[in-house]
Amino acid sequence: MITTSRCTFTSPRGHELSARLDVPQGRAVRGAAVFAHCFTCSKDLKVEKEIAQALTREGFAVLAFDFTGLGRSGGELSGSSFSADVEDLVAAAQYLGETVAPTSLLVGHSLGGAAVLAAAPRIESVAAVATIGAPADPGHVEHLLTAGLEEIDREGHAEISIGGRPFTIGRSFVEDLRTHRLVDTLPTLGKALLVMHSPLDQTVGIDNARIIHDAAKHPKSFVSLDHADHLLSDPRDAHYAAGVIAAWAERYLPSPQVAGSTTYDEAGATSITRDSLETDVTTRGYLLRVDEPEEAGGHETGPTPYDLLAGALASCTTLTLRIYADRKGYPLRSARATVTHNRVHAKDCSECDHESGRIEKFDKTLVLEGDLTDDQRADLLRVADKCPVHKTLHGQIEVHTVLE
């Protein structure tokens, strides 16, 4: 399951950039990745969304954003440049590091691929970079501007149709493109590199992949995206590319982690609730999503806090039974505990010890599988009520809250 949220961050030039954060739910995050879209595209273009969310299904938290002047981001494309795109990427990586985990992977499509190659050396936490259909020279996109180059030189800007859409391109954009030479900087990239390209790419030829791969130093890899077009229009190509990137990157990325908890040894939990009831809980390096039913104002993107409490009691029970059965040599094949929670009045609860007031009532049902004797089943039933969480719920509890 994927949790998606819309967010914004500020570029170094003061523009508000629109972003989408996709986070895998209920599992350790394999890595935090920033995805850079193609020239004049946006994070919401179908193919870019397919690639980003396919990576999330592989276990990556992915921040996809619109470069300055594109999509829903602020600023004007006419006043932007490739250098500004690189700055936007660095800012995106910083934002992701502050909200989820340090950015460890950069993925770029087309000119976005050239941008991640230029930005990677400036982001210390990045361990791996993957490009899809990237040009070896950012100036490669200048051929898309041919119809307006004379007007740009003469007037300082021109409106150019790219992919059937009008864009205003300024002189500074063209001049900046000409100053970047990736082949000069790739030898000092200092990151693991995966180059993915289709031999049928009619927009950015396959020779670009060879130039990038030859210029970079090891560790580096090349994967051919057979039969794919430049935009990876077939969702199967996008999913394949994401799967390969995920499998390749795992060799180079640090152990899974999330912001707020860096190691499994760190007990406890941290909860963050922002502008809705959708709440992120981090514990021992794992990310959980907590929410409420729609009738309570939630979006039902995760279990409720009481569901987690019931889950704590259920899991503690079966873990305790497993440990006890192993120690006693009982042939317990599996143990299942189902816990439900209700609020009842004492007078309506014949099996409750309390005589008055409202009671928080947990009902626990066990299923024990295995060739167990009646005595062994009775013994396990007795032990089921002695798990640590069960004892905690029955014990004296104090909660102390302070404001930091």
Query - Pairs where the first residue, in region 193-211, is in a helix (DSSP H, G or I) and the second is surrounded by fewer than 17 Cβ atoms within 10 Å (Cβ to Cβ) and of a type outside the set (D, E, K, R), C-beta under 8 Å, 6+ apart - result: Ala209/Phe222; Ile211/Val183
Report task. Would you mind finding the one in Ala325, Ala312, Ala267 that is out of contact with any Ser or Thr (no Cβ under 6 Å at 6 or more places or on another chain) and touching a residue at least 60 places away in the same chain (Cβ under 8 Å)? Result -> Ala312
Query raised in the report: Just for region 20-56: of the residues that are farther than 19 Å from Ser110 by Cβ, modelled with pLDDT of 80 or more and touching an Asp or Glu at 6+ places or on another chain (Cβ under 9 Å), which one is surrounded by the fewest Cβ atoms within 10 Å (Cβ to Cβ)?
Result: Pro24
Report task. Could you check, for region 365-373, whether at least one of its residues is in a strand (DSSP E or B), at pLDDT 95 or above and of a type in the set (Asp, Glu)? Result -> yes
Query raised in the report: With Arg327, Arg336 as the choices, which residue is surrounded by 12 or more Cβ atoms within 10 Å (Cβ to Cβ), among the charged types (D, E, K, R) and modelled with pLDDT of 90 or more?
Result: Arg336
Requested in this report: State which residue pairs qualify: first residue free of Cβ contacts under 8 Å to residues at least 40 places away in the same chain and inside region 109-126, second residue assigned to a loop (DSSP other than H, G, I, E, B) and not basic (Lys, Arg) in any location, beta carbons under 7 Å apart, and separation of 6 or more residues or different chains.
Outcome: Ser125/Pro102
Requested in this report: Please note which strands (runs of 3 or more DSSP E) are completely contained in region 1-81 and include at least 2 residues that are of a type in the set (Phe, Trp, Tyr).
Outcome: 60-65
Query raised in the report: Has region 297-320 got any residue that is under 22 Å from the mean Cα position of the chain (by Cα), assigned by TED's automatic domain parsing to the domain that holds Thr340 and part of a strand (DSSP E or B)?
Result: no
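The values are calculated or read from the model by the stated rules, or taken from the named source; none is laboratory data. All values derive from a computational prediction rather than experimental measurement. A quick note on method: Cβ atoms are made from the backbone with ideal geometry, for glycine too, and the neighbour counts reach across all protein chains shown.
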